[in-house]
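Reading through the structure tokens given below for one structure.
The values are calculated or read from the model by the stated rules, or taken from the named source; none is laboratory data. Given the structure is predicted, the values throughout are model-derived calculations rather than measurements. Quick reminder, even Gly has a Cβ in these numbers, built from the backbone with ideal geometry, and neighbours come from all protein chains shown. Protein only, heavy atoms only, side chains kept; ligands, DNA and RNA dropped before computing areas. Shrake-Rupley method; radii C 1.70, N 1.55, O 1.52, S 1.80 Å.
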Amino acid sequence: MNYTQTIIEKMKEKYPYQPFFLQALQEILGSLKPEIERNKIYEENAILERLVVPERSIAFRVPWVNDNGKIEVNMGYRIEFNSTLGPYKGGLRFHPSVNEDIIKFLGFEQILKNSLTTLAMGGGKGGSDFDPKGKSDNEVMRFCQSFMNELYRHIGERTDVPAGDIGVGAREIGYLFGQYKRLTNVFDGVLTGKGLKWGGSLVRKEATGYGSVYFAKAMLESKGEGLEGKIACVSGSGNVAIYTIEKLYSLGAKPVSASDSKGMIYDSEGVDLALLKELKEVQRVSLSEYIKYRPNTKYTKVQDYAKGRNEVWSIPCDLAFPSATQNELNALDAKTLLDNGCMCVSEGANMPCTLEATELFLQAKICYAPAKASNAGGVATSGLEMSQNASMSSWSFAEVDEKLQKIMKGIYESASEVAKEFGEEHNLVLGANIAGFRKVAMAMIEQGVV
Ligand code: GLU
């Protein structure tokens with residue numbers, strides 16, 4: 001058995017109860033194989049054995065008191081995966097599905113994603129099984145304060161810099177930062193995604209969505225195509241989906257869908273962005289409300305995963321932007337998209353396509369971008385926020401957006417160059433994984449056995 005396969009098998013044996021982490025490992029290590037076979041230096045330095053084990057893994061209890069005076073207990077996690085290229089960097093996810101497995105898969109992906117941005121950031125991830133949905137602002141604040149009561153001792157602007165992810169937006173970052181500052185008496189750039197009045201960066205909120213569209217644009221241009229006039233399906237209705245839709249409009253495409261945990265909307269005239277923002281960013285209500293204002297919209301309740309499909313992907317489209325969550329697009333969905341003539345898939349969520357769906361897109365040789373390349377705009381702009389904080393400066397919207405565009409283009413170019421080098425021009429999964437890996441692995445070798 002070859003080196004990569006041996007490591008995958010060992011991890012499968014050791015962590016049979018961590019399916020998401022194993023899926024990410026399979027996707028990444030599987031595509032690193034040609035690079036690793038070609039260059040024995042990785043095996044000689046036990047790079048894979050070291051890469052797959054977090055440098056530090058923290059799990060803690062988060063007790064808090066709800067509005068009825070009852071004590072509730074959640075789990076908190078921070079997995080500091082790899083600090084070879086810089087301080088640990090990656091978001092916090094608050095969602096009932098969060099466990100060690102989910103955080104490990106996200107943290108592992110983050111190492112290579114952050115490497116691709118070319119900024120000085122290692123990989124980490126954290127979160128909790130706390131569900132902010134349906135909680136009052138006060139409950140969210142008390143939870144965030146309790147979460148930070150433990151987390152603060154592990155993080156720091158030169159050590160580990162968390163940010164948002166699913167369930168963690170501006171409100172949560174605010175409460176987390178306030179408590180960090182109170183506990184440490186330090187005002188620094190320990191979190192990114194901060195409010196604009198207190199150290200946040202312009203464009204950070206928009207960055208993941210914008211970046212995913214910039215990436216799609218780069219892929220399409222390489223085939224002499226553009227976004228203009230294209231129909232786009234977007235899943236999700238959080239930060240990533242909303243700003244994907246915004247950028248699609250500004251570059252001339254027509255986004256026609258959005259979804260949440262309860263259902264999806266298909267607005268064939270184009271999603272009403274102002275309404276979507278009002279419902280999701282201001283009122284924080286279900287997407288079902290959308291049809292009250294746009295009666296011609298088709299609303300489908302809960303995407304029926306049990307029936308094996310996500311309804312969003314049955315809408316005929318040219319472009320697909322899975323921007324909700326992991327494994328939201330399976331082989332059946334991929335087949336439907338391909339049958340409908342979809343020519344480009346840009347992942348906004350982390351690992352939204354199953355291994356089988358990914359394989360189908362690669363076989364069809366359409367423009368397909370894995371999340372660690374196409375959704376790296378969020379963390380890249382977090383890196384830009386860190387730079388601004390460190391130099392006590394703040395850049396204009398145009399300045400940050402220009403840097404973001406450059407970074408996304410750079411990621412596209414390095415992934416496609418590596419893909420070409422291996423004679424698989426269309427395979428950006430291989431290209432992105434190898435490009436990200438090379439930098440981390442070589443730096444690990446230079447830093448010795450640590
Ligand atoms: N959660 C985002 C991601 O998956 C952003 C992380 C960050 O800004 O640190 O990359």
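Is there any pair with a first residue in region 75-100 that is over 21 Å from THR381 (Cβ atoms) and a second that is among the hydroxyl-bearing types (Ser, Thr, Tyr) and within 11 Å of the ligand (Cβ to nearest atom) whose Cβ atoms are under 7 Å apart and which are 6 or more apart or on different chains, and what are they?
Filtered contacts from region 75-100: GLU80/TYR88.
Only one of (1) aliphatic (A, V, I, L, M); (2) modelled with pLDDT under 95; (3) under 30 Å from SER136 (Cα atoms) is not met by ILE58, so which one is it?
Only one criterion is unmet by ILE58, namely (2).
Condition test on SER288, is it more than 16 Å from the ligand (Cβ to nearest atom) and among the small types (Gly, Ala, Ser)?
It is true that SER288 is more than 16 Å from the ligand (Cβ to nearest atom) and among the small types (Gly, Ala, Ser).
Suppose the filter is more than 14 Å from the ligand (Cβ to nearest atom), out of contact with any His (no Cβ under 7 Å at 6 or more places or on another chain) and at pLDDT 95 or above; does LYS70 pass it?
It is true that LYS70 is more than 14 Å from the ligand (Cβ to nearest atom), out of contact with any His (no Cβ under 7 Å at 6 or more places or on another chain) and at pLDDT 95 or above.
Among the candidates ALA398, ALA390, which residue alone is out of contact with any helix residue (DSSP H, G or I) (no Cβ under 8 Å at 6 or more places or on another chain), under 21 Å from SER212 (Cα atoms) and open to solvent by 10 Å² or more (accessible area, probe 1.4 Å)?
From the options ALA398, ALA390, the qualifying one is ALA398.
I'd like to verify a number: residues in region 241-269 that are surrounded by fewer than 16 Cβ atoms within 10 Å (Cβ to Cβ), of a type in the set (Gly, Ala, Ser) and modelled with pLDDT of 95 or more, how many?
3
Condition (residue is open to solvent by 10 Å² or more (accessible area, probe 1.4 Å) and within 16 Å of the ligand (Cβ to nearest atom)) applied to region 124-137: is it met by at least one residue?
yes
Quick test for you: out of GLY86, GLY167, pick the one residue that is under 26 Å from ALA435 (Cβ atoms), small (Gly, Ala, Ser), touching a Gly at 6+ places or on another chain (Cβ under 9 Å) and modelled with pLDDT of 95 or more. Spell out how you get there, then give the answer.
Details: GLY167 fails: under 26 Å from ALA435 (Cβ atoms).
GLY86 is the lone residue from the list that is under 26 Å from ALA435 (Cβ atoms), small (Gly, Ala, Ser), touching a Gly at 6+ places or on another chain (Cβ under 9 Å) and modelled with pLDDT of 95 or more.
Where the second residue is hydroxyl-bearing (Ser, Thr, Tyr) and within 13 Å of the ligand (Cβ to nearest atom) and the first is closer than 19 Å to GLY76 by Cα and lies in region 108-132, which pairs have Cβ atoms under 9 Å and are six or more apart or on separate chains?
So the pair list comes out as GLN110/TYR88; GLY123/TYR88; GLY123/SER115; GLY124/TYR88; LYS125/TYR88.
Among VAL418, VAL450, which is the only one that is free of Cβ contacts under 8 Å to residues at least 24 places away in the same chain and part of a loop (DSSP other than H, G, I, E, B)?
Just a single option satisfies the conditions, and that option is VAL450.
Among the candidates ASN45, ASN99, ASN66, ASN82, single out the residue that is touching a helix residue (DSSP H, G or I) at 6+ places or on another chain (Cβ under 7 Å) and within 30 Å of ASN138 (Cβ to Cβ). Spell out how you get there, then give the answer.
On the way: ASN45 fails: within 30 Å of ASN138 (Cβ to Cβ); ASN99 fails: touching a helix residue (DSSP H, G or I) at 6+ places or on another chain (Cβ under 7 Å); ASN82 fails: within 30 Å of ASN138 (Cβ to Cβ).
From the options ASN45, ASN99, ASN66, ASN82, the qualifying one is ASN66.
If a residue must be surrounded by 20 or more Cβ atoms within 10 Å (Cβ to Cβ), more than 20 Å from GLY270 (Cα to Cα) and more than 16 Å from the ligand (Cβ to nearest atom), how many such residues does region 197-240 contain?
3
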